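These notes are about the structure you will find just below.
The values are calculated or read from the model by the stated rules, or taken from the named source; none is laboratory data. Bear in mind the structure is a predicted one, so any value in this text is a computation, not a measurement. Note that each Cβ is placed from the backbone with ideal geometry, even for glycine, and that neighbours are counted across all protein chains shown.
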Amino acid sequence: MAENLKEQEKNDLEKPLPKEKYEELEDYIDSLPSLEGRLIQILHKAQQIFGYLPRDVQLFVARRLGISGAKVNGVITFYSYFTQKPRGEHTISICTGTACFVKGVGKIIEALEHELDTSIGSTTEDMKFTLKDVRCVGACGLAPLIVVDDKVYGRVKPEEVEQILAEYR
Amino acid sequence: MKQYRLHMLVCAGTACESQESKDIIKNLEAELKEKGYEKEVQVVKTGCFGFCEKGPIIKVHPDHVFYVEVKPKDVKEIVEEHVIKGRVVERLLYEEPALEKKITEQEKMSFYKKQLRLALRNCGFINPEDIKEYIAEDGYLALGRAIKEMTPEEVIETIKESGLRGRGGGGFPTGYKWELTYRNKNDLKFIICNADEGDPGAFMDRSILEGDPHSVLEAMAIAGYAIGAEKGYIYIRAEYPLAIHRLNIAIEQAREYGLLGENIFDSDFNFDIELKYGAGAFVCGEETALLNSVEGGRGEPNAKPPFPAESGLWDKPTCVNNVETFANIPQILLKGPKWFNSIGTENSKGTKVFALAGKVNNVGLVEVPMGISLREIIYDIGGGIRDNKKFKAVQTGGPSGGCIPEKYLDTHIDYQTLQEVGSMMGSGGMIVMDEDDCMVNISKFYIEFTEDESCGKCTPCRIGNKRLSEILTRITYGKGTEEDLENLKDLGEMVKDGSLCGLGQSSPNPILSTLRFFEDEYKEHVLNKNCPSGVCNMGKKKKPAAKKKQ
């Protein structure tokens with residue numbers, strides 16, 4: 001954890017977050033009719049604007065809502081949708097629902113990890129791809145499937161992985 | 001109103017859309033325009049037809065022609081042959097494998113023959129992005145009748161009499177839930193629609209929201225009228241962008257038409273609906289956890305009582321119902337409780353939507369009357385097991401349910417019978433497994449899921465599920481002992497008894513049911529260090545490889 005924080009601080013220092021993005025978030029918060037019960041909604045917006053939720057953004061939201069940074073961090077770490085690390089240019093979501101599981105998504109995961117030389121939940125060094133597993137996408141007719149950004153690839157075979165990645169490389 | 005000679009209904013559910021159904025619609029519109037038929041033929045973007053296996057689907061109305069596996073490049077031929085020359089494109093018809101015969105009409109396909117589509121009645125029929133099409137199918141008529149002709153007590157009585165039970169998994173009688181919330185007097189009450197469909201392998205609610213969002217909005221307003229609430233929330237997974245998009249359109253249109261907002265149907269009843277997004281936490285399907293999440297906090301469950309009907313959202317009386325439950329409400333009011341009551345079994349009325357997936361030929365969304373047998377669903381509707389393999393088990397109820405072996409295939413399903421065979425109705429996931437699937441590995445898959453999704457608030461669930469997962473991992477690596485099997489049973493019972501919410505109280509079910517029906521397989525792993533299906537690596541290779549063979 002401590003290491004994570006250090007790494008994150010380094011990230012934050014290396015890339016100061018643009019002022020316009022804070023202003024956009026501020027405008028969004030101002031546009032809400034009330035702030036009661038809106039924390040998750042605001043974090044969704046913040047992640048959409050910044051791409052991830054670094055410490056500075058968490059503290060910004062906390063101050064703006066008049067709650068503790070710990071509460072904000074508690075919510076972010078509870079939900080798998082929120083991330084504290086920057087994402088790669090493309091996000092590859094692998095469906096790990098039961099239908100995909102019994103249809104062999106394990107082999108697809110292996111192929112992707114091998115091809116990208118990274119593991120699930122991580123981003124490639126060149127910040128090109130983030131690999132993550134998601135719970136059922138709900139398109140079980142296409143199992144096993146992966147989603148790259150917004151595009152769904154159904155009935156994927158391990159040998160097709162290289163070709164799919166090539167579209168984004 | 002414009003009259004069209006033909007309507008081309010194109011499926012735009014998530015599964016079909018990801019197979020280029022958008023391009024099919026675009027090509028159809030362009031092609032019709034080019035040939036000068038755009039005034040005669042209407043292209044309608046509909047919700048899910050359910051037959052995801054054979055998508056994308058185009059249904060031509062009123063010709064009763066059902067095209068499957070259509071590609072954008074097939075559009076030219078469809079327009080040329082079907083629209084212009086009036087000839088059916090044989091090539092794109094569904095072929096019934098058993099008969100080796102092409103079938104034109106949807107109703108004659110074995111996939112649809114035994115289905116009874118009530119909750120899904122409009123899915124694959126109307127354009128979900130146009131409120132007028134919903135209204136043309138008697139939409140919002142039930143709400144109008146409730147407000148104009150019935151008292152809240154009468155609405156509640158009707159739902160009670162229908163025998164409708166919650167479709168999200170618990171199976172609590174819906175009418176009683178409404179009555180409890182109605183009886184708790186308060187200035188402020190809430191209706192919540194639970195659309196946090198988290199079971200892996202389940203997509204019933206998503207398809208209803210994508211295909212017929214107004215039915216849910218109408219039912220929420222009816223529920224609001226019945227219990228005395230003016231505000232409703234739909235708690236929906238952020239992973240369902242298309243459903244969110246269509247709900248937003250539907251809410252906007254309903255407000256425009258005065259069907260949501262103030263003084264609905266010129267009465268003094270006000271009701272409005274807001275979306276709340278989940279953020280990826282399975283436990284939020286549990287109603288008290290869901291309420292904490294709607295309030296913007298960590299989605300941890302609370303001890304019950306107090307039940308939400310007494311003290312729910314912001315400590316006010318709150319009624320939480322599932323999407324599919326709501327989708328049944330309008331027609332119960334229109335057709336009467338006796339009609340609904342006549343469908344199903346003694347203790348389970350109406351129909352249930354199942355997401356049929358796994359090793360079955362026809363993967364898709366099916367709606368069947370309660371009391372149908374598992375065999376009928378898997379073999380008649382589902383078309384049997386893929387690649388002529390042997391059936392091994394069917395899993396219902398997701399991570400809270402169990403695996404049902406072949407000897408119970410003739411079980412007539414309802415809430416009670418499924419529990420008797422160690423599973424549960426759950427929200428409607430139904431995964432078929434064949435001889436290549438290892439039951440130990442399957443229960444490991446589910447327990448890893450709950451281990452990951454346990455919120456950590458109570459000890460039995462947080463630590464118990466972790467230990468269960470460790471034992472199963474040991475067994476699949478060939479390091480299990482006979483004592484481990486005993487421990488699995490004991491610990492499983494303890495987690496069930498000791499956990500705070502439904503997640504922990506049901507999480508050992510996949511293990512307990514597979515231990516009950518497939519004990520031999522566990523023993524083979526433990527005594528002979530052998531995985532009969534050849535799935536588990538049993539510590540042979542270095543890498544914790546392949547969860548499953550292709």
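Before moving on, here are some points about what is shown:
- Of all residues in the range A:110-128 being surrounded by fewer than 23 Cβ atoms within 10 Å (Cβ to Cβ), in contact with a strand residue (DSSP E or B) (Cβ under 7 Å, 6 or more places away or on another chain) and hydrophobic (A, V, I, L, M, F, W, C), the one that is nearest to residue A:158 (Cα to Cα): A:116
- Residue match in the range B:240-257 (condition: surrounded by fewer than 24 Cβ atoms within 10 Å (Cβ to Cβ), at positive phi and over 25 Å from the mean Cα position of the chain (by Cα)): no
- Residue match in the range B:126-135 (condition: under 21 Å from residue B:351 (Cα atoms), surrounded by fewer than 18 Cβ atoms within 10 Å (Cβ to Cβ) and more than 14 Å from every other protein chain (Cβ to nearest Cβ)): no
- Extreme residue, surrounded by the most Cβ atoms within 10 Å (Cβ to Cβ), among residues of the range B:443-456 that are of a type outside the set (Ser, Thr, Tyr) and more than 10 Å from chain A (Cβ to nearest Cβ): B:447
- Any hit, the range A:75-88, residues being small (Gly, Ala, Ser) and within 30 Å of residue B:357 (Cα to Cα): yes
- For the range B:274-292, filtering for residues that are under 16 Å from residue A:39 (Cβ atoms), in contact (Cβ under 8 Å) with a residue 60 or more places away in the chain and either touching a strand residue (DSSP E or B) at 6+ places or on another chain (Cβ under 8 Å) or not aliphatic (A, V, I, L, M) (or both) leaves 4.
- Failed item in (1) in a loop (DSSP other than H, G, I, E, B); (2) surrounded by 24 or more Cβ atoms within 10 Å (Cβ to Cβ), with residue B:181 passing the rest: (1)
- The set of residues in the range B:487-540 that are of a type in the set (Val, Ile, Thr) and either part of a helix (DSSP H, G or I) or farther than 20 Å from residue B:392 by Cβ (or both) comprises B:495, B:511, B:514, B:526.
- The criterion of being within 14 Å of chain A (Cβ to nearest Cβ), of a type outside the set (Ser, Thr, Tyr), surrounded by fewer than 24 Cβ atoms within 10 Å (Cβ to Cβ) and more than 22 Å from residue B:430 (Cα to Cα) holds for residue B:272.
- Test: residue in the range B:362-379 that is surrounded by 23 or more Cβ atoms within 10 Å (Cβ to Cβ), at pLDDT 95 or above and small (Gly, Ala, Ser): no
- Inter-residue pairs, beta-carbon under 8 Å, first over 19 Å from residue B:384 (Cα atoms) and in the range B:101-113, second in a loop (DSSP other than H, G, I, E, B) and among the β-branched types (Val, Ile, Thr), 6+ apart: B:104/B:88
- In the range A:62-78, the qualifying residues are those that are over 17 Å from residue A:36 (Cα atoms) and more than 10 Å from chain B (Cβ to nearest Cβ), and the one that is surrounded by the most Cβ atoms within 10 Å (Cβ to Cβ) is A:73.
- Any chance residue A:95 is within 8 Å of chain B (Cβ to nearest Cβ) and within 20 Å of residue B:17 (Cβ to Cβ): no
- Residue ID - nearest to residue B:231 (Cα to Cα), chosen from residues in the range B:296-307 that are within 14 Å of another protein chain (Cβ to nearest Cβ) and either surrounded by fewer than 24 Cβ atoms within 10 Å (Cβ to Cβ) or touching a His at 6+ places or on another chain (Cβ under 8 Å) (or both): B:296
- Total residues in the range B:47-74 satisfying the condition of being buried (at least 24 other Cβ atoms within 10 Å of the Cβ), more than 14 Å from chain A (Cβ to nearest Cβ) and either in contact with a Gly (Cβ under 9 Å, 6 or more places away or on another chain) or within 16 Å of residue B:122 (Cα to Cα) (or both): the figure is 2.
- Residue in the range B:278-295 that is of a type in the set (D, E, K, R), in contact with a Ser or Thr (Cβ under 8 Å, 6 or more places away or on another chain) and either within 12 Å of chain A (Cβ to nearest Cβ) or more than 30 Å from residue A:69 (Cα to Cα) (or both) present: no
- Restricting attention to the range B:382-422, the residues being within 14 Å of another protein chain (Cβ to nearest Cβ), among the small types (Gly, Ala, Ser) and not in a strand (DSSP E or B) number 6.
- Check on residue B:440, over 18 Å from the mean Cα position of the chain (by Cα) and surrounded by 20 or more Cβ atoms within 10 Å (Cβ to Cβ): yes
- All positions within the range B:380-405 that are surrounded by fewer than 24 Cβ atoms within 10 Å (Cβ to Cβ) and on the phi > 0 side of the Ramachandran plot: B:383, B:384, B:387, B:388
- Residues being in contact (Cβ under 8 Å) with a residue 60 or more places away in the chain, touching an Asp or Glu at 6+ places or on another chain (Cβ under 6 Å) and of a type in the set (A, V, I, L, M) - total across the range B:367-414: 0
- Only one of A:17, A:43, A:53, A:59 that is at pLDDT 95 or above and more than 14 Å from every other protein chain (Cβ to nearest Cβ): A:59
- Residue tally, condition in a strand (DSSP E or B) and closer than 19 Å to residue B:162 by Cβ, over the range B:341-381: 8
- Among the residues making up the range A:114-169, those that are away from chain B (no Cβ under 11 Å), of a type in the set (Asp, Glu) and outside any loop (DSSP other than H, G, I, E, B) are A:115, A:160, A:162.
- Candidate set: the range B:161-178, residues that are in contact (Cβ under 8 Å) with a residue 24 or more places away in the chain and part of a helix (DSSP H, G or I); chosen: the one farthest from residue B:414 (Cα to Cα): B:178
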